[in-house]
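Asker: For reference, the structure I am asking about is given below.
The values are calculated or read from the model by the stated rules, or taken from the named source; none is laboratory data. Because the structure is predicted, anything quoted here is derived from the model rather than measured. Because the Cβ atoms are built from the backbone with ideal geometry, glycine has one as well, and the counts that use them run over all protein chains shown. In case anyone asks, the SASA skips ligands and DNA or RNA and just uses the protein heavy atoms, side chains included. Shrake-Rupley method; radii C 1.70, N 1.55, O 1.52, S 1.80 Å.
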Amino acid sequence: MTVSAYAAATSCLQGSTLRFTLSAPAPVEIADVTDDRVVFSGTATPDWTLEIGAAWPSSLYRARFGPEIPWPQGLPGQTPCPDNEVYFVVRQAVPTAPILVSVPFTTWQAYNRSGVPGEGLYWTESPVRAARARFDRPGGGPSPERWEHGMLRWLRPAGYDVAFCSNLDLHDGLDLLTRHRMLIVNGHDEYWSAGMRDAVEEYVRLGGNVAFFSGNTAWWQIRFEDGNQTMVCHRDASADPVADPRLATVEWSATGRPENSLTGVSFRAGAGAWGEHMPRMLEESYTARFATHWVFEGTGLTDGDKFGQGCLGYETDAAEFEEIGGVPRATCRDGTPSSFVVLATADLRHWSTYGQGGMATMGVFTSGLGQVFTAATVNWGNTLHDPGVDRITRNVIDRFSAAGPAAWEVIGPGADLRAMAVFGRTLYAAGAGGGLLKRELCGQNLPWTTATAAPAGLRGLAVPREAAGGRGVALYGVSADGRLLQLDGQTWRDLGAAPEQAVGLAVADLAFYVATEGGQLWRQVFGSATWESAGTSAGAVTLGGMNGRLFAVDAYGRLLTKLPSGAWEEYGLAVPGSVLTAHAGVLVAGGRDVPIRWRPFRSAPPRPARA
């Protein structure tokens, strides 16, 4: 007789206990799913309590009661998890690992008893599907496809120090999350409660990082009842008795809170190949669209290269985007954050014959102080044998789990630049060839386009935050031969003399500042026609201003900063280029044929500048 069993919870702490309920006494073997190491064997009674060893690694474990039942990998609905296997997570009693890995028990439980009237949440269109699924019942283990297993078994051999949790632990789980530097969501994690989303989104805003090596993520909103022992998902707002419509168990996008704000992408624009058509996914690959981004470092990929064949699992997520000069740019009309950067795409519209036609969009974005990466596919972790997928995964984990300040990020192609400034949402640059170039100031690798002609020898650009003294908010420039200029439409207007041999222009405290080749700093107050000495430029080769503060880069590439009335101080940062501008909390660097990069400007202990 086959024994059926279930556990009282999906996770427990090291050194604690976990209660199991069995249909009959049976021998038991408990193994670590990540490496198959057996940690316990014995005999279990119908009401049995397991002592969790304090030294057991935080991991996903499988308790098998009685003999092993064949369970081949297969398609959805084929050979589900046997009733004599119970999966649970052991959490770190004292969180020390920089990386927290979430296991999607809600999705596993949603598929448990698929097609059984009143038991499973599937199939979606069936009138006899359940609206509630209890965790205290047999089954509820991984799906037959084992979407999560590849990454779970890869992480520790790859050298990463990780801790595990059940995704139910994320519900009201901000305190747990903030003990780790990054969260990994892996495989197929389709069912999220409002508490789970609230905690993860706040974690990112506070500076935590999340990597979604997953797809079809957070598609359905769920609620928990009975002390988190029951998962509720009506999938029909009219059938859900909840009083607060924001908590209705329908698609997240139907609540006015699309999942894009959590992951950057959505299955609504994604693709699906189901049932007998699922093997189609093994034919598909991603195409790199921003190969100079740090995510692709060390892959050897260039824009247009295909990689990761088979990683695009049977369900993918996507962000709506449009092509600008051959580069994808998220439209953000679907709820995707404006900071979203498209890294790779796959056109899967032909999947409309197999399930759902759409796209796949790999990307990264910032929210508050944290960052979010999405692979946008359920099968990413099972394709880690691919060198490109392996390297990308390492790049994301290494960066997101590391301590320390943010690094410079490439945001676009290089050009031979002499000056930069930001006006509105547009980054302007003076090109060596005499043109004024422009592109949107964003993290996407958009191409430069020509805005208008530029005066010969243009060496500095600046934009005031507010009008004063007859100087309006406009794009201003300074030329090497000593002229102060203003762009008026497509025409440059000469405003009068300026210091000669200029190398940079900035605005601070309602005044223009010009640095010269001779190491001098000059100042002209708005409304005045007189330039006065403002001391030394500390050897600046470029100048910028933001929020009343001046910035400069010297010949050694060091960043210097000062208030108009103060002394120059070293910021302790190397600048990758000879041209700098500052705007809305970020520093932007470029130069002669180097990529455009940016990074946030945050507090750092300044040091007096060297003479």
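Asker: Calculate one ³J(HN,Hα) per residue across segment 463-470 by plugging θ = phi - 60° into the Karplus curve 6.51 cos²θ - 1.76 cosθ + 1.60, and present them in order as whole Hz with x for glycine and proline.
Answerer: 9, x, 7, 8, 7, 6, x, x
Asker: Can I ask one more? For segment 240-327, what is the accessible area per residue in Å², given a 1.4 Å probe and the full set of protein chains?
Answerer: 42
Asker: What ranking do 418-424, 273-279, 205-211, 369-375 get when scored by the average of other Cβ atoms within 10 Å per residue, highest first?
Answerer: Top to bottom by mean Cβ count within 10 Å: 369-375, 418-424, 205-211, 273-279.
Asker: A follow-up question, please. Relative contact order (percent) for the chain, with alpha-carbon contacts under 8 angstrom and 6 or more residues of separation?
Answerer: This gives 8 percent for the chain.
Asker: If you don't mind, another one. Could you order peptides 457-465, 384-392, 226-234 by the average number of other Cβ atoms within 10 Å of their residues, highest first?
Answerer: Ranked from most to least packed, the peptides come out as 457-465, 384-392, 226-234.
Asker: Accessible area of segment 123-198 with a 1.4 Å probe: how many percent of it is carbon plus sulfur?
Answerer: The C+S portion of the solvent-accessible surface of segment 123-198 is 49 percent.
Asker: Note the angle between two axes, namely the Cα long axis of helix 387-401 and the longest principal axis of the Cα atoms of the chain, as a number of degrees from 0 to 90, rounded to the nearest 10.
Answerer: Taking Cα atoms only, the helix is inclined about 80 degrees.
Asker: Further question on the same structure: Sort out for me the Cα centre separation of segment 538-597 from segment 156-212, rounded to whole Å.
Answerer: Cα centroid to Cα centroid, the span is 36 Å.
Asker: Something else now. Only one of the listed values, (1) 19, 51, 25, 4; (2) 19, 43, 26, 11, 1; (3) 16, 36, 31, 15, 2, 0, was derived from the coordinates as P(r) over Cα pairs in 20 Å bins from 0, in percent; which label is it?
Answerer: Label (2) holds the value from this structure.
Asker: Spelling out what I want: for every residue of segment 474-488, take phi, set θ = phi - 60°, compute 6.51 cos²θ - 1.76 cosθ + 1.60 (Karplus), and round to whole Hz; glycine and proline get x.
Answerer: Whole-Hz 3J(HN,Hα) from phi for segment 474-488: 7, 8, 10, x, 9, 9, 5, 8, x, 10, 8, 10, 9, 7, 10.
Asker: Going by the alpha-carbon gyration tensor, a ≥ b ≥ c the square roots of its eigenvalues, is segment 281-371 rounded (a/c under 1.5) or, if a/c is not under 1.5, prolate (a/b greater than b/c) versus oblate?
Answerer: oblate
Asker: Apply the Karplus parameterisation 6.51 cos²θ - 1.76 cosθ + 1.60, with θ equal to phi minus 60°, to every residue of segment 288-295 and state each ³J(HN,Hα) to the nearest whole Hz, in sequence, with x for glycine and proline.
Answerer: For segment 288-295, the Karplus curve yields 5, 10, 8, 5, 8, 5, 4, 4 Hz.
Asker: Taking the Cα centre of the chain as origin, sum charge times position over the Cβ atoms of Lys and Arg (+1) and Asp and Glu (-1), and report the length of that vector in debye to the nearest 20.
Answerer: The dipole magnitude comes to about 1520 debye.
Asker: Classify segment 1-102 as rounded, prolate or oblate from the Cα gyration tensor: take a ≥ b ≥ c as the square roots of its eigenvalues, call it rounded if a/c is under 1.5, otherwise prolate when a/b beats b/c and oblate if not.
Answerer: oblate
Asker: Going by amide H atoms built from the backbone, whose H comes under 5 Å of the H on GLY139, apart from near neighbours?
Answerer: Amide H neighbours of GLY139, under 5 Å, 5+ apart: ALA5, GLU85.
Asker: Shifting gears a bit: Keeping the other protein chains in place, figure out the carbon and sulfur percent of the accessible area of segment 206-295, with a 1.4 Å probe.
Answerer: Summing carbon and sulfur atoms, their accessible area is 53 percent of the total for segment 206-295.
Asker: Would you pull out the residues with amide H under 5 Å of GLU190's amide H, same chain only if 5 or more places away, H placed 1.01 Å from N?
Answerer: THR107, ALA218
Asker: Segment 40-70 to segment 356-409: how many Å between their Cα centroids?
Answerer: Comparing the Cα centres of segment 40-70 and segment 356-409, I get a distance of 34 Å.
Asker: Kindly express, to the nearest 10 degrees and within the range 0 to 90, the angle between helix 194-205's C-alpha long axis and the longest C-alpha principal axis of the chain.
Answerer: 30
Asker: Taking the highest mean first, how do the peptides 337-345, 51-59 order by number of other beta carbon atoms within 10 angstrom per residue?
Answerer: In decreasing order of mean packing, 337-345, 51-59 become 337-345, 51-59.
Asker: Let me ask something else about it. Ignoring ligands, DNA and RNA, what percent of the accessible area of segment 451-519 is carbon or sulfur (1.4 Å)?
Answerer: That fraction is 44 percent.
Asker: When only C-alpha pairs under 8 Å and at least 6 residues apart count, what is the relative contact order of segment 13-122, in percent?
Answerer: After rounding, I find 25 percent.
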